[in-house]
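*Asks:* Take a look at this one; I'll ask things after.
The values are calculated or read from the model by the stated rules, or taken from the named source; none is laboratory data. Computed from a predicted structure; not experimentally measured. Cβ placement follows ideal geometry from the backbone for every residue including glycine, while neighbour counts extend to all protein chains displayed. These accessible areas exclude ligands, DNA and RNA; they are computed on the full protein's heavy atoms, side chains included. Shrake-Rupley method; radii C 1.70, N 1.55, O 1.52, S 1.80 Å.
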Amino acid sequence: MDTKNWHDLMSMESQDIVQQRFERIHAKGLSARRAREINAAAKQAREYFRNSSNADYSVRPLLTFYGVASLSRALVLLLRAEGGEECLTPRHGLETVGWRKMLPSCTSTGLGNLRLLKIRSCGGLFSDFMEHTRNTVLLKVGAFFGNSGLSYDIPDEAVEISVDDLFRRIPDVEDYSMLSGRFHCALANDLSFNNKDGLRVVVVDKQASAELIDYYTSQGYNASSRDGTSCVLSCDMETALKGLPLFIYTYLNKGAGWFHFLHMAKPFPRGACYSQLCITYMVSYILGMLARYYPTHWMALIHGSKGDSLWPAMSRAQEVVKHTFPELVAEFIRWKVYENGEAKHALPTILDEDGAK
């Protein structure tokens, strides 16, 4: 477990601190009963993550997902202005799509289908999580703190997301590129947005897939200065606000000073955009459900059976969830408290009008 992140999250186990943070966020008091509900969910999350770190890989993803769900529950309860546990929908909020057909008794065939496994939203904790975090990604100015929150529209529940869709958009799952070719994301070396010039993103050309560039040009972006090293994607403000770009950061592959590298990604099917919090939740759900309900296939994958080529990427994805989700939640809490508390004013919901880099 990451000591720093969990040290920060320990504050969610304090009734006094939770009440103080709730008042900063909502400008109203929080009852002791509701504070204890948040404390309980946070404590369970820490224990699930701690036990998953020590558990065998046969059950580790399931324990991690329970930790993700508990931490999500604590965050939702903190962000809800009204109502406590009784108002939460008692479901995970995601469901598998046709997994029984994709994972037949022949494990080698099933393992070959892992990248095609799909999930979709169905109402429940995940939907509550998206709603109360406003499907927000934090755009960082420094190494640790978000300066601006970029909120995406909530995708339709009918949108189906596959393992391939997710792994192609998570730069930290670098092992997947050896199987899938280029990712649907590219390193963004420069980012600016203002009323006069609109949005301008410089992506690393050698990393950017043709699908990524083609998608944004089809949405009205201009692609220029392609020299084999970089590509400038730009558009006016109206185009940018109509189709916000999908941004995601590296958390395992950090630079000097623990700097998170920004990537620009192609949206999911049907133009759906999910925050990094939501993306990490979905990855954890897939890994947890695979280990829980398809243990024969999961054990075959981790023990080197025929068809196990996705194992390095799956293992890496588990590490991404383990390290990234607690850090994302800790960052989001700090940002919300700062936004509504010490700052004394609301931070912008998109990049500063004078530009942010």
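*Asks:* Out of all the residues in region 56-75, is one or more open to solvent by 40 Å² or more (accessible area, probe 1.4 Å), touching a helix residue (DSSP H, G or I) at 6+ places or on another chain (Cβ under 7 Å) and of a type in the set (Val, Ile, Thr)?
*Replies:* yes
*Asks:* Still on this structure: Which of the residues that make up region 97-117 are closer than 30 Å to residue 153 by Cα and buried (at least 19 other Cβ atoms within 10 Å of the Cβ)?
*Replies:* Step one: filter region 97-117 for residues closer than 30 Å to residue 153 by Cα, giving 97-99, 114-117.
Selection gives 99, 114, 115, 117.
*Asks:* So which residues in region 174-228 are of a type in the set (Lys, Arg) and in contact with a Ser or Thr (Cβ under 6 Å, 6 or more places away or on another chain), if there are any at all? Working first, answer last.
*Replies:* Of the residues in region 174-228, the ones of a type in the set (Lys, Arg) are 182, 196, 200, 206, 226.
Hits for region 174-228 are 182, 200.
*Asks:* Need at least 1 residues that are touching a residue at least 40 places away in the same chain (Cβ under 8 Å) and open to solvent by less than 50 Å² (accessible area, probe 1.4 Å) per element, so show me which strands (runs of 3 or more DSSP E) inside region 205-312 make the cut, counting only ones lying wholly within it. I'd like the intermediate steps shown before the answer.
*Replies:* Details: elements: 222-224, 230-235, 246-249, 262-265.
Correct list: 230-235, 246-249, 262-265.
*Asks:* With respect to residue 51, determine if the residue is open to solvent by less than 30 Å² (accessible area, probe 1.4 Å), without any contact (Cβ under 8 Å) to a residue 40 or more places away in the chain and either in contact with a helix residue (DSSP H, G or I) (Cβ under 7 Å, 6 or more places away or on another chain) or farther than 19 Å from residue 286 by Cα (or both).
*Replies:* On the way: open to solvent by less than 30 Å² (accessible area, probe 1.4 Å): no; without any contact (Cβ under 8 Å) to a residue 40 or more places away in the chain: yes; either in contact with a helix residue (DSSP H, G or I) (Cβ under 7 Å, 6 or more places away or on another chain) or farther than 19 Å from residue 286 by Cα (or both): yes.
So residue 51 fails the test.
*Asks:* Right, next: Against the condition surrounded by fewer than 14 Cβ atoms within 10 Å (Cβ to Cβ), assigned to a strand (DSSP E or B) and at pLDDT 80 or above, how does residue 190 come out, does it pass? So that I can check it myself, show each step before the final result.
*Replies:* Values: surrounded by fewer than 14 Cβ atoms within 10 Å (Cβ to Cβ): yes; assigned to a strand (DSSP E or B): yes; at pLDDT 80 or above: yes.
Yes: the conditions hold for residue 190.
*Asks:* While we're here: Only residues that are open to solvent by 60 Å² or more (accessible area, probe 1.4 Å) and either more than 16 Å from residue 82 (Cβ to Cβ) or touching a Pro at 6+ places or on another chain (Cβ under 6 Å) (or both): list them for region 18-37, please.
*Replies:* Of everything in region 18-37, those that are open to solvent by 60 Å² or more (accessible area, probe 1.4 Å) and either more than 16 Å from residue 82 (Cβ to Cβ) or touching a Pro at 6+ places or on another chain (Cβ under 6 Å) (or both) turn out to be 20, 24, 36.
*Asks:* Right, here's the next one. Kindly list, by first and then second residue, each pair from a residue in region 25-37 that is in contact (Cβ under 8 Å) with a residue 60 or more places away in the chain to a residue that is of a type in the set (Lys, Arg), limited to pairs with Cβ atoms under 7 Å and residues at least 6 apart or on different chains.
*Replies:* Within 7 Å, the pairs are 25/336.
*Asks:* Something else about it: Would you point out the residue of region 1-16, among those that are open to solvent by 60 Å² or more (accessible area, probe 1.4 Å) and part of a helix (DSSP H, G or I), that is modelled with the lowest pLDDT?
*Replies:* Filtering region 1-16 for residues that are open to solvent by 60 Å² or more (accessible area, probe 1.4 Å) and part of a helix (DSSP H, G or I), the one modelled with the lowest pLDDT comes out as 3.
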